[in-house]
Amino acid sequence: MKKLFCLLACGSLLIAACNNSAKNTPATATGSEQKNEAVQSSVITFEEKVHNFGEITAGEKVEYSFKFTNTGTSPLLIEDAISSCGCTVPEWPKEPIKPGQSGFMKVIFDSHGKSGYTEKEISVKINNNDGYVIGPKIQCNIITK
């Protein structure tokens, strides 16, 4: 009786194990399903990550245009760009940038009320669902008269 019970128990476990492994096997996509699952992504790559204005006079407004390229596989759309301070204002193209094409992000810095070494960073949000990413930054040394 014990042998029969052991055989039934082992057989049940074996059948259950076979069913579980079939459920955990991932399905493979074929044809058009693979095309739909292909991830299209936008990637922004700045040619220059930091621009140093050197010494500027307090109250002076300076600007610089950072060149960027869409190094991804789908059109790049810059949804937003913000700086770490209201004294730094980024401007960017509103139209999509095709893969391989380039554009410019202009950054205007107003040094009014500031002095000494300053570094401001731009955070950029693009259409790839990654949230904000660290973009270029500007640096300068503000001299007061």
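A few points about this structure:
- Listing of strands (runs of 3 or more DSSP E) fully contained in the stretch 37-145 that carry 3 or more residues being of a type in the set (S, T, Y): 61-70, 116-126
- Residue check, K114 of a type in the set (K, R) and more than 21 Å from E48 (Cα to Cα): yes
Coordinate-derived values only; no laboratory data. It should be emphasised that the depicted structure is a prediction, and the values quoted were computed from it without experimental measurement.
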